[in-house]
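The values are calculated or read from the model by the stated rules, or taken from the named source; none is laboratory data. On a predicted model such as this, the values are computed, not experimentally measured, just so you know. Cβ atoms come from the backbone with ideal geometry, glycine included; neighbour counts cover every protein chain shown. Note: accessible area is taken over every heavy atom of the protein model, side chains too, but ligands, DNA and RNA are not part of it. Shrake-Rupley method; radii C 1.70, N 1.55, O 1.52, S 1.80 Å.
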Amino acid sequence: MYCTGGIRCEMASAYIRSKGEGFENVFQLYGGIQRYLEQFPDGGYFEGKNFVFDHRISVGSLKENILGACLICDSSFDDYSSRCRCSHCRMLVLVCPTCQDSTEEYACELCQKNGKEPCQLSTGQDCKIQRGLSESFEKPSISYHNVTSKVSWSDGSEQLKRLRILCLHGFRQNASSFKGRTSALSKKLKHITELVFVDAPHELSFVYQPIRGHCSDKPSPLSVTPKRKFAWLIAPNSHCNPEQNWRAADVPFDPLQYQQQTEGFEESYTYLENAISHMGKFDGILGFSQGAAMAALFCRQQQKMCGFPKFRFGMFCSGYPAPVGDFGNEPIKLPSLHCFGNGDGHDRQIANRASAELAGLFEQDCCSVVEHDMGHIIPTRSPYIDRIKDFLSSFL
């Protein structure tokens with residue numbers, strides 16, 4: 001038996017052993033699954049993700065296999081961050097972002113088994129169609145949110161279209177994973193935004209961090225089917241061979257690796273221009289981590305070529321000024337929102353000063369900064385989400 005941190009199973013195993021004869025073979029995992037995953041980052045014998053009772057909601061290994069499924073459409077999904085709950089027992093349930101748009105009441109599996117049903121239960125047919133929708137030009141695929149064109153107001157009128165935002169993922173991510181990680185944000189903004197996700201054009205090799213001194217018969221990362229990962233910017237002489245199998249990383253993870261990622265901008269710029277031409281006009285652009293750096297570079301290049309960026313606004317989350325070219329003395333003429341961790345070391349990936357430096361490259365009279373204490377993420381709780389909504393509402 002095991003639990004998250006080794007406390008509850010410590011008590012439970014002692015109780016079971018106290019039953020005496022017939023209960024001798026009781027074993028538990030020391031330190032819980034949390035310590036196990038720290039020791040074996042690739043997951044070892046553990047599959048899926050482990051639910052935890054704090055803001056993280058779940059923790060997983062380097063494996064990205066998804067064992068959960070959407071309650072409505074049964075598609076692969078394992079992100080509880082939107083905090084959808086059963087209408088009857090209030091148990092958290094897994095509901096993918098597309099089904100969240102079409103269904104507001106849910107009944108968990110146990111309540112359904114006991115004959116209870118939600119007030120409105122969607123068949124999820126639209127979601128299944130949505131899962132199969134992808135467009136491509138050259139390399140990456142495009143992932144869409146289900147959309148409705150207008151906002152419903154309390155008086156029943158429908159007048160304003162939602163803001164269409166192009167979303168750029170971080171380094172070694174993809175559109176699908178970024179869409180999953182921002183599902184809570186998507187739900188909070190679903191009445192005012194339509195988020196569109198794209199893969200970056202540079203596909204990366206599959207790497208993992210080996211464990212020193214580790215010798216066991218547990219499954220190695222080589223046995224895991226990897227998911228494709230992409231980047232907007234890459235380091236010189238990068239060996240990006242997506243056709244190869246897993247390989248061990250050459251050096252330990254370096255949180256400052258982004259400072260060496262100086263190539264690939266021209267390809268990414270051309271790719272994004274083609275994407276926008278293919279998908280239609282966007283109101284704004286949102287970038288996370290390396291995606292934020294790329295979004296800033298893209299807006300700067302548009303300004304150089306056209307005199308101004310073609311977006312109405314930009315959102316730059318945990319970003320940094322990429323060491324590519326020269327931003328020059330002229331600020332980027334774009335209303336911008338910069339969201340990043342405060343200076344207390346909560347974001348261990350991108351330093352606070354780097355994100356602040358990126359914010360300083362934009363026109364300051366229309367630049368908003370939201371500093372939070374939640375690490376390398378886009379915050380979705382108050383008061384941070386309220387400031388994000390206020391920023392977006394000014395463009396409706």
Problem set entry | Check on Ile378, assigned to a helix (DSSP H, G or I), assigned by the TED database to the domain that holds Lys188 and within 18 Å of the chain's Cα centre (by Cα) | no
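Answer yes if at least one residue in region 14-23 is assigned to a loop (DSSP other than H, G, I, E, B) and touching a residue at least 24 places away in the same chain (Cβ under 8 Å), and no otherwise. Let's see the steps before the verdict.
Kept after step one, since they are assigned to a loop (DSSP other than H, G, I, E, B), are these residues of region 14-23: 18-23.
With touching a residue at least 24 places away in the same chain (Cβ under 8 Å) added as a condition, the list becomes none.
Looking through region 14-23, none of the residues is assigned to a loop (DSSP other than H, G, I, E, B) and touching a residue at least 24 places away in the same chain (Cβ under 8 Å).
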Seminar exercise, completed: Of (1) touching a Lys or Arg at 6+ places or on another chain (Cβ under 7 Å); (2) assigned to a strand (DSSP E or B), Tyr45 fails just (2)
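A quick yes/no check of all residues on (1) assigned to a helix (DSSP H, G or I); (2) over 21 Å from Asp199 (Cβ atoms); (3) modelled with pLDDT of 95 or more; (4) open to solvent by 40 Å² or more (accessible area, probe 1.4 Å):
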residue: Gly287; (1), (2), (3), (4): no, no, yes, no
residue: Cys299; (1), (2), (3), (4): yes, no, yes, no
residue: Phe308; (1), (2), (3), (4): no, yes, no, yes
residue: Pro323; (1), (2), (3), (4): no, yes, no, yes
residue: Leu334; (1), (2), (3), (4): no, yes, yes, no
residue: Gly345; (1), (2), (3), (4): no, yes, no, yes
residue: Arg348; (1), (2), (3), (4): no, yes, no, yes
Problem set entry | The lone exception for Glu47 - which of (1) without any contact (Cβ under 8 Å) to a residue 40 or more places away in the chain; (2) touching a Pro at 6+ places or on another chain (Cβ under 7 Å) it fails | (2)
For this session: Tell me, yes or no, whether region 40-61 has at least one residue that is of a type outside the set (A, V, I, L, M), on the phi > 0 side of the Ramachandran plot and crowded, with 17+ Cβ neighbours inside 10 Å.
Result: yes
Seminar exercise, completed: Scanning region 62-90 residue by residue, the ones that are of a type in the set (Ser, Thr, Tyr), open to solvent by 40 Å² or more (accessible area, probe 1.4 Å) and over 15 Å from Leu110 (Cα atoms) total 2
Exercise. Considering region 83-129 alone, what residues qualify as being at pLDDT 80 or above, assigned to a loop (DSSP other than H, G, I, E, B) and among the small types (Gly, Ala, Ser)?
Worked result: Ser87, Ala107, Gly115
Exercise. Tally time: how many residues in region 184-212 are more than 30 Å from Asp386 (Cα to Cα), at pLDDT 90 or above and either within 15 Å of the chain's Cα centre (by Cα) or part of a loop (DSSP other than H, G, I, E, B) (or both)?
Worked result: 1
Exercise. Residues of region 141-183 being out of contact with any helix residue (DSSP H, G or I) (no Cβ under 9 Å at 6 or more places or on another chain), assigned to a helix (DSSP H, G or I) and modelled with pLDDT under 90, which ones?
Worked result: Ser176, Ser177, Arg181
Exercise. Among (1) more than 25 Å from His376 (Cα to Cα); (2) at pLDDT below 90, which single condition is Glu273 missing?
Worked result: (2)
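Output the number of residues of region 8-39 satisfying the condition of being open to solvent by 40 Å² or more (accessible area, probe 1.4 Å) and closer than 30 Å to Ala184 by Cα. Walk me through it before giving the result.
Looking only at region 8-39, we keep the residues that are open to solvent by 40 Å² or more (accessible area, probe 1.4 Å), and these are 8, 10-11, 14-19, 21-25, 27-30, 34-35, 38-39.
Checking which are closer than 30 Å to Ala184 by Cα leaves us with 8, 34-35, 38-39.
Final tally of qualifying residues: 5.
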